[in-house]
Amino acid sequence: MTSAPDAAGRRTYSFLGPAGTFTEAALAQVPEARGQDWRSVRNVGEALSDVVEGRSHSAMIAIENSVDGGVSTAQDALATMPGLRIVGEYLVPVDFVLVARPGTRLEDVSLVAAHPVAYAQCLQWLTRTLPAHAHVPASSNVASAMGLLDGTSDADAAIAPPGILEHHDLELLAERIGDNLNAVTRFVLVSRPVSLPPPTGADKTSLIAELPDDHPGALLEMLEQFATRGINLSLLASRPIGDSLGRYRFVIDADGHIQDERMADALLGLRRFSPKVIFLGSYPRADRAIVRYPDRYSDDIFIEARDWLRGLLSGEPED
């Protein structure tokens, strides 16, 4: 069941912690989450389990970034945990600093702690500046730095968000170390199934679909469900299903809302084609960019075509 507000009317939101992560910054963009209870968790699976099991009303998770692509752990979790819906998306500009214990010098660093996504976004800088370094994965961007302070990490330095310096006594070794100064991470707010928000004209629909079998042109046949209806895909990522080699599911973001006639028609086609389709939600785009499409794919055209077919079936004379 969906988590209901407590007796005081408060709701709980789960996010990848501890405090100071980019995920927390994304949650801060959600108006209805302000002033509510925020639950710090250690990984995406825990955040989504909170929602499924009713400990939280919603969870904020990273789903994609502009440098490293899709976040596979989040995509796999959404594919395997039933009964979840994406209800909103939020963009957070990504910037990183390299920090260490007080007194550490940059030339002393050989082992760097970092969340894998953060590490990928700073790899060029690290390779150029610390060519002999090794990487120690961390559970979050803040946890990478906290491990230096509490002694749980053997790393010499950590990649962390700039805000870490406001909360902890750390040595700043370098700032703006991201390889792409325009890097952005896309986050999604996930809840249990709820009534869909009405179309805004600037919407996105997220799905996960499997191919029926492995044959030449199978992926093309799946993509044609969208292309023949004038629907642009802003994300298409493959993830192994895991039951055998060569079996993949596809994570799809399509421009438009399920209540759009062209999108509804595409989903019907996809459902007939694919043995498994997971609808993750239709929600407003974070950038609020209006979805453009040719006039021949307008709702009126689809409605007129259905009315024409209905007339044929009922024996009405054609005009």
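The values are calculated or read from the model by the stated rules, or taken from the named source; none is laboratory data. The structure presented is a predicted model; accordingly, all values stated were derived computationally and were not measured. When we count neighbours, we look across all protein chains shown, and the Cβ atoms used for this are built from the backbone with ideal geometry, even at glycine. Remember, those area values only see protein heavy atoms, side chains included, never the ligands or the DNA or RNA. Shrake-Rupley method; radii C 1.70, N 1.55, O 1.52, S 1.80 Å.
Every listed requirement among (1) under 20 Å from Asp255 (Cβ atoms); (2) of a type in the set (D, E, K, R); (3) in a loop (DSSP other than H, G, I, E, B); (4) open to solvent by 60 Å² or more (accessible area, probe 1.4 Å) is met by Glu224 save one, (3).
Screening Ser40, Ser58, Ser66 for residues that are among the small types (Gly, Ala, Ser), more than 24 Å from Lys276 (Cβ to Cβ) and open to solvent by less than 40 Å² (accessible area, probe 1.4 Å) leaves exactly one candidate, Ser58.
Can Ile252 be described as modelled with pLDDT of 95 or more and surrounded by 15 or more Cβ atoms within 10 Å (Cβ to Cβ)? Here the answer is yes, as Ile252 does meet what is asked. Residues that are at pLDDT below 85 and open to solvent by 60 Å² or more (accessible area, probe 1.4 Å) within segment 6-36 comprise Asp6, Ala7, Ala8, Ala19, listed in sequence order.
Could you check, for segment 79-86, whether at least one of its residues is within 30 Å of Ala114 (Cβ to Cβ), open to solvent by 30 Å² or more (accessible area, probe 1.4 Å) and touching a Gly at 6+ places or on another chain (Cβ under 6 Å)? No; the residues of segment 79-86 include none that is within 30 Å of Ala114 (Cβ to Cβ), open to solvent by 30 Å² or more (accessible area, probe 1.4 Å) and touching a Gly at 6+ places or on another chain (Cβ under 6 Å). Checking the structure you have, find out if any residue of segment 196-214 is free of Cβ contacts under 8 Å to residues at least 24 places away in the same chain and either surrounded by 18 or more Cβ atoms within 10 Å (Cβ to Cβ) or farther than 25 Å from Gly83 by Cα (or both). Scanning segment 196-214 turns up at least one residue that is free of Cβ contacts under 8 Å to residues at least 24 places away in the same chain and either surrounded by 18 or more Cβ atoms within 10 Å (Cβ to Cβ) or farther than 25 Å from Gly83 by Cα (or both).
Applying the criterion of being farther than 19 Å from Ser72 by Cβ and open to solvent by 60 Å² or more (accessible area, probe 1.4 Å) to the residues of segment 111-128, the residue that is farthest from the chain's Cα centre (by Cα) is Arg128.
For residues that are charged (D, E, K, R), touching a strand residue (DSSP E or B) at 6+ places or on another chain (Cβ under 9 Å) and not in a helix (DSSP H, G or I), tally how many sit in segment 265-319. Counting residues in segment 265-319 that are charged (D, E, K, R), touching a strand residue (DSSP E or B) at 6+ places or on another chain (Cβ under 9 Å) and not in a helix (DSSP H, G or I) gives 4. For segment 138-168, name all the residues that are among the aliphatic types (A, V, I, L, M) and either assigned to a helix (DSSP H, G or I) or touching a helix residue (DSSP H, G or I) at 6+ places or on another chain (Cβ under 6 Å) (or both). Once the filter is applied, which keeps residues that are among the aliphatic types (A, V, I, L, M) and either assigned to a helix (DSSP H, G or I) or touching a helix residue (DSSP H, G or I) at 6+ places or on another chain (Cβ under 6 Å) (or both), segment 138-168 yields Ala138, Val142, Ala143, Ala145, Met146, Leu148, Leu149, Ala158, Ile159, Ala160, Ile164, Leu165. Screening Arg186, Arg239 for residues that are open to solvent by 40 Å² or more (accessible area, probe 1.4 Å) and either part of a strand (DSSP E or B) or in contact with a Lys or Arg (Cβ under 9 Å, 6 or more places away or on another chain) (or both) leaves exactly one candidate, Arg239. Within segment 275-284, does at least one residue satisfy the condition of being touching a Lys or Arg at 6+ places or on another chain (Cβ under 7 Å) and either open to solvent by 40 Å² or more (accessible area, probe 1.4 Å) or more than 22 Å from Val87 (Cβ to Cβ) (or both)? Yes - at least one qualifying residue is present in segment 275-284. Selection of segment 75-112 for residues being under 20 Å from Pro161 (Cβ atoms) and either in a loop (DSSP other than H, G, I, E, B) or of a type in the set (Lys, Arg) (or both) yields Val94, Asp95, Phe96, Arg101, Pro102, Thr104, Val109. Restricting segment 129-153 to residues that are hydrophobic (A, V, I, L, M, F, W, C) and open to solvent by less than 50 Å² (accessible area, probe 1.4 Å), the residue that is nearest to Thr23 (Cα to Cα) is Val142.
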